[in-house]
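The values are calculated or read from the model by the stated rules, or taken from the named source; none is laboratory data. Here the structure is a predicted model, which means the values were calculated and not measured. Don't worry about glycine lacking a Cβ; one is built from the backbone with ideal geometry, like all the others, and counts go over all protein chains shown. For the accessible areas, the whole protein counts, side chains as well, though only heavy atoms, and no ligand, DNA or RNA atoms are used. Shrake-Rupley method; radii C 1.70, N 1.55, O 1.52, S 1.80 Å.
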Amino acid sequence: MPEYVAFDLETTGLSVKTDRIIEVGAVRFDAAGAILGELEIPVDPGMPIPLAIQRLTGINDADVLGQPTPTEALAQFLDFSAGAHLIAHGAEFDVAYCAAVMPGAFNRNDVFDTLELARILMPAAASHSLPLLATALGIGHDRPHRALSDAQATVDLFLILMRTGAELPAGVLATARRLLSGASHPLARFLLNVVPGDGDASRPDLPGGHAPPPRPLRVPRKDADIAAAAIALIGPDGPLAGADYEYRESQIEMTRAVAQTFERSGALLVEAGTGTGKSFAYMAPLLLHAVNTGERGVVATATITLQEQLVDRDVPRLTAAMDDPAIVAMLKGRQHYISLRRWQRFLATPGGDDIDTIRFTLKILVWLATSTTGDRGELRLASVEDALWRRIRSDSGDCLGSACANWTGARCFMVAARRAAVEADVVITNHALLLADAERQGTVLDNYRALVVDEAHRLEESATRQLGVRLRPGDVLEVIDRLPSIPGSEAAELLGEAHDAVRRLFGDIKGLISAQLGNDSSANGTIAWTLDLAETAPGQVVARAASAAVRALRGAATALAAAPQLDGSRLPQPERADDEATLVAATLLDAALGIEHVASCGGEGIVTWLELRAEQAEMHAAPVSVAGELSRTVFGRADSAVLTSATLA
């Protein structure tokens with residue numbers, strides 16, 4: 001039976017070059033979880049222990065004076081762990097310190113990292129830090145930031161991760177093992193050799209979304225006093241009063257004003273400073289209004305954070321106290337939901353041995369086996385995974401609509417979320433989706449009569465962004481690259497030319513911005529794209545490149561429309577290969593229109609600019625004023641509208 005050693009180091013700081021080890025802790029155990037031995041060694045670092053580290057660990061200079069040196073302590077640890085596989089939480093940190101003290105002794109590549117494994121096998125955990133994971137999983141951990149206690153907790157976590165891997169759906173575990181076959185990373189050895197069995201054959205690999213039940217029929221009660229009912233609900237004598245309740249007259253005043261606005265129709269602007277309790281002040285009357293009148297309501301926030309706070313914390317407290325609870329749904333923009341079709345294509349695309357791609361793929365595999373929402377907000381994605389998420393998220397330019405195999409029965413997470421929103425009394429969404437719904441004439445949110453815009457001071461900014469144009473080279477090139485090859489065809493040749501033309505255009509834009517701003521601003525910067533600049537010699541370079549890119553994109557789109565049957569073997573729905581080509585052609589035409597719009601400086605009432613972000617060039621256009629559009633498409637649709645913010649004025 002294989003044996004393992006979980007270990008942890010405490011150090012004077014985070015720098016391998018300047019800091020030193022002050023404690024080593026280790027636990028040896030077998031695959032059944034039997035403890036075979038423990039090791040705890042105080043270490044004399046030969047330098048004072050910083051006060052912050054003393055407070056964190058409880059280890060002071062007197063505790064380590066005269067104790068073994070780092071080299072002596074690690075020699076004992078090597079003897080203790082001989083023949084065993086090493087395990088650590090955040091192993092890169094601990095192994096780096098060991099290697100710095102004893103070069104060559106710790107260059108083995110079979111160290112299992114429970115931090116890495118937890119991020120993959122527990123992707124929806126609120127935190128992957130050892131103390132918080134221990135608390136969430138009921139692991140005893142009485143001395144966090146002490147080496148032996150951390151090592152003991154790591155043992156328990158490793159055993160839980162082994163069981164979690166063994167309990168994965170059989171199809172998920174088989175796919176994970178297939179992805180890792182031939183890899184030399186510890187992840188491969190863990191899933192191929194450490195995790196026992198072949199998974200749980202009774203669990204589905206990919207549950208997907210589900211159609212919501214229909215909204216109950218509401219009998220309107222026009223005589224209901226919503227203001228009084230809302231105040232009774234959140235007031236000092238109401239069901240929400242408790243230890244954390246603080247009476248605020250301003251909250252009651254706002255509640256009354258919001259309720260009266262819903263009853264009488266019209267618009268209300270409320271600047272509600274911090275501490276007002278504005279979320280309850282508008283949510284209570286909105287929920288009661290929806291239930292009592294049968295008229296749907298919408299709340300739009302600027303940030304996903306506030307959206308999730310309302311759904312996860314505030315709304316449940318209110319609905320639990322209602323005699324007839326309102327049905328509330330959260331709806332985010334489609335980019336927050338995974339597309340099962342795009343995910344299937346991603347899985348079928350060779351990813352090589354890039355470890356970041358492997359980690360991401362495994363994480364999504366595991367997450368999809370349990371997620372009922374497909375919402376990225378459930379995940380803890382690293383920054384390097386953002387680009388990978390863009391390849392699998394729902395995208396209007398890569399959506400087959402009702403022709404998609406996942407559309408029927410709302411198995412598509414985005415479709416399920418939108419259907420749930422249609423069947424809800426109140427929908428909590430964000431500014432971007434509210435504006436997108438206005439653009440699409442209500443096809444996203446369906447009809448509603450009462451509207452609340454929170455964080456309303458940012459609505460104009462959101463509208464400017466939504467009604468404008470933003471073009472990045474990666475967005476266009478990714479669309480071209482997702483098509484399977486069409487060898488020897490005119491379409492393949494023209495797609496290649498479009499690919500090159502787009503790269504040249506954005507390369508020329510980057511050169512222009514750098515020349516205008518100087519080399520010191522080469523990574524980030526913005527310049528106005530005006531007719532005057534377009535007529536200069538450097539501007540003409542960009543203008544010509546833009547014209548060439550527009551011609552190439554339109555030529556590729558036209559050729560795709562007449563292209564022979566694509567090779568659909570790598571597509572999720574091979575029989576829909578022609579639809580895939582049509583989608584790409586439409587997206588290329590949209591890109592051509594966007595480039596042409598910006599290059600022509602947009603026209604009256606439009607501002608255009610070129611931008612560098614992290615050395616990547618972008619093209620932008622936006623309306624100077626959005627007032628008329630907001631009035632017509634957003635506020636004109638609702639009988640009553642409440643705009644609130646802490647800084648509305």
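Summary table below
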read-out: Test: residue in region 164-173 that is in a loop (DSSP other than H, G, I, E, B) and either of a type in the set (A, V, I, L, M) or open to solvent by 40 Å² or more (accessible area, probe 1.4 Å) (or both); value: yes
read-out: Some residue of region 341-360 being open to solvent by 10 Å² or more (accessible area, probe 1.4 Å), in a helix (DSSP H, G or I) and in contact with a strand residue (DSSP E or B) (Cβ under 7 Å, 6 or more places away or on another chain); value: no
read-out: Count of residues meeting criterion [closer than 20 Å to Ala82 by Cα and open to solvent by less than 20 Å² (accessible area, probe 1.4 Å)] in region 9-36; value: 7
read-out: Residues located in region 602-638, provided they are farther than 17 Å from Arg472 by Cα and in contact with a strand residue (DSSP E or B) (Cβ under 7 Å, 6 or more places away or on another chain); value: Gly602, Gly605, Ile606, Val607, Pro623, Val624, Phe635, Ala638
read-out: Criterion (under 36 Å from the mean Cα position of the chain (by Cα), open to solvent by 70 Å² or more (accessible area, probe 1.4 Å), modelled with pLDDT of 95 or more and not polar (S, T, N, Q)) met by exactly one of Arg551, Arg544; value: Arg551
read-out: Close pairs (6 angstrom Cβ cut-off, 6 or more residues apart or separate chains): in a loop (DSSP other than H, G, I, E, B) in region 257-282, acidic (Asp, Glu) anywhere; value: Ser265/Asp639
read-out: Test: residue in region 564-587 that is hydroxyl-bearing (Ser, Thr, Tyr) and in contact with a Phe, Trp or Tyr (Cβ under 9 Å, 6 or more places away or on another chain); value: no
read-out: Pair list, Cβ < 7 Å and 6+ apart or interchain, from region 192-212 residues that are over 22 Å from Arg341 (Cβ atoms) to residues that are basic (Lys, Arg) and in a helix (DSSP H, G or I); value: Leu192/Arg177
read-out: Residue count, region 578-599 (criterion: open to solvent by 40 Å² or more (accessible area, probe 1.4 Å) and either not in a helix (DSSP H, G or I) or not hydrophobic (A, V, I, L, M, F, W, C) (or both)); value: 6
read-out: Neighbours by Cβ (under 6 Å, 6+ apart or cross-chain): first from region 75-101, part of a strand (DSSP E or B); second loosely packed, with under 15 Cβ neighbours inside 10 Å; value: His85/Asp110
read-out: Given (1) touching a strand residue (DSSP E or B) at 6+ places or on another chain (Cβ under 8 Å); (2) in a helix (DSSP H, G or I), index of the condition Thr373 fails; value: (2)
read-out: Meets criteria (part of a loop (DSSP other than H, G, I, E, B), free of Cβ contacts under 8 Å to residues at least 40 places away in the same chain and either out of contact with any Cys (no Cβ under 8 Å at 6 or more places or on another chain) or surrounded by 14 or more Cβ atoms within 10 Å (Cβ to Cβ) (or both)) for Ala134; value: no
read-out: Residue in region 606-622 that is without any contact (Cβ under 8 Å) to a residue 12 or more places away in the chain, open to solvent by 10 Å² or more (accessible area, probe 1.4 Å) and not basic (Lys, Arg) present; value: no
read-out: Total residues in region 452-510, condition part of a helix (DSSP H, G or I), among the polar types (S, T, N, Q), open to solvent by 30 Å² or more (accessible area, probe 1.4 Å) and in contact (Cβ under 8 Å) with a residue 60 or more places away in the chain; value: 1
read-out: Single condition Ala118 does not satisfy, out of (1) touching a Leu at 6+ places or on another chain (Cβ under 7 Å); (2) open to solvent by less than 30 Å² (accessible area, probe 1.4 Å); (3) outside any helix (DSSP H, G or I); (4) of a type outside the set (S, T, N, Q); value: (3)
read-out: All positions within region 396-443 that are assigned to a loop (DSSP other than H, G, I, E, B) and farther than 19 Å from Leu206 by Cβ; value: Glu423, Ala424, Asp425, Arg440, Gln441, Gly442, Thr443
read-out: Matching residues in region 37-53 - criterion: being part of a helix (DSSP H, G or I) and either open to solvent by less than 50 Å² (accessible area, probe 1.4 Å) or within 18 Å of Gln152 (Cβ to Cβ) (or both); value: Ile53
read-out: Region 271-288, residues that are at pLDDT 90 or above and open to solvent by 10 Å² or more (accessible area, probe 1.4 Å); value: Glu271, Lys278, Ser279, Phe280, Leu288
read-out: Breaking point among (1) surrounded by 23 or more Cβ atoms within 10 Å (Cβ to Cβ); (2) without any contact (Cβ under 8 Å) to a residue 40 or more places away in the chain, for Pro325; value: (1)
